[in-house]
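First the structure, in the form of structure tokens, and then the observations on it.
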Amino acid sequence: TYINGVEGRLPGKGWSYAGSVRSALNQLASEFGFSWSIQDGVFQAVGDTAVLPGPIVELNGGNGGLISVSPLQAGQGEERMGVAVRAIFIPGILPGGSIRVKSEITPSLNGEYRIARASYSLDTFSDDWCMDLECYTRLD
């Protein structure tokens, strides 16, 4: 279990929930301001203003990592800015971690982002070794 930047207290009488574990964790994450995932069988929770420890990986077109980047907006009134990134798979890039985008084609999207969601397409029978990332500016 890895927990970083998650604070809060459940009511004195505890907390109960009827439904799937995924739904329960999503509800708790919404109430207490964190994101959660399971990586290699290990539960991790990272506060909305925290990131996983480790280096910030730079994705740019020059090193072959960045394939595409496009703008995203989320939240009430779409006040939270972010990017959708497609890149060559790089081991260790996980939800809760940080990336730096450096695009010559869309320089307005350059900057550091926190990874909210990641999906990986790793096909040993084709050239598809990509990751799709949904990333948002940090809420510091």
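Site-free segments of the chain were taken between trypsin sites (Lys or Arg not before Pro) in DSSP loops having at most 12 other Cβ atoms within 10 Å, sites themselves excluded; the longest one is 14-140. M81 to A24: FRET efficiency via 1/(1 + (r/R0)^6), r the Cβ-Cβ distance, R0 35 Å, to the nearest 0.05? In this case the efficiency is close to 0.75.
Annotation for the range 113-134 versus the range 1-73: alpha-carbon center distance of 17 Å. For the range 96-140, the share of accessible area belonging to carbon and sulfur comes to 51 percent (1.4 Å probe, ligands and nucleic acids excluded). Each principal axis of the chain carries a Cα extent, and these read 55, 38, 26 Å when sorted largest first. Here is the list for the range 1-61: GluC sites (Glu not before Pro) lying in DSSP coil, each with at most 15 other C-beta atoms within 10 angstrom of its C-beta, are E7.
Think of a 1.4 Å ball rolled over the protein heavy atoms: the chain then has 63 Å² of accessible area per residue.
Think of the chain as a dipole: +1 on every Lys or Arg Cβ, -1 on every Asp or Glu Cβ, centred on the Cα centre; then among I99, S23, S126, S23 lies furthest on the positive end. Histogrammed with a bin width of 10 Å, the alpha carbon distances of the range 46-129 distribute as 16, 49, 30, 5, 0 percent, first bin at zero.
Hey, can you grab everything whose amide H is under 5 Å from the amide H of D48? Only 5+ residues off in sequence or another chain; H modelled, so Pro and N-termini drop out. HN-HN under 5 Å from D48: F34, S35. Angle of helix 21-32 to the longest C-alpha principal axis of the chain, folded into 0 to 90 degrees and rounded to 10: 90°.
Dividing the summed -39500 (n - 2.57) terms of all DSSP H runs of n ≥ 4 by the residue count of the chain sets its mean residue ellipticity at 222 nm at -2500 deg cm²/dmol.
The values are calculated or read from the model by the stated rules, or taken from the named source; none is laboratory data. Computed from a predicted structure; not experimentally measured. Here Cβ is always computed from backbone atoms with ideal geometry, including for glycine, and neighbour counts include all displayed protein chains. Please note that ligands, DNA and RNA were not included when accessible areas were found on the heavy atoms of the full protein model with its side chains. Shrake-Rupley method; radii C 1.70, N 1.55, O 1.52, S 1.80 Å.
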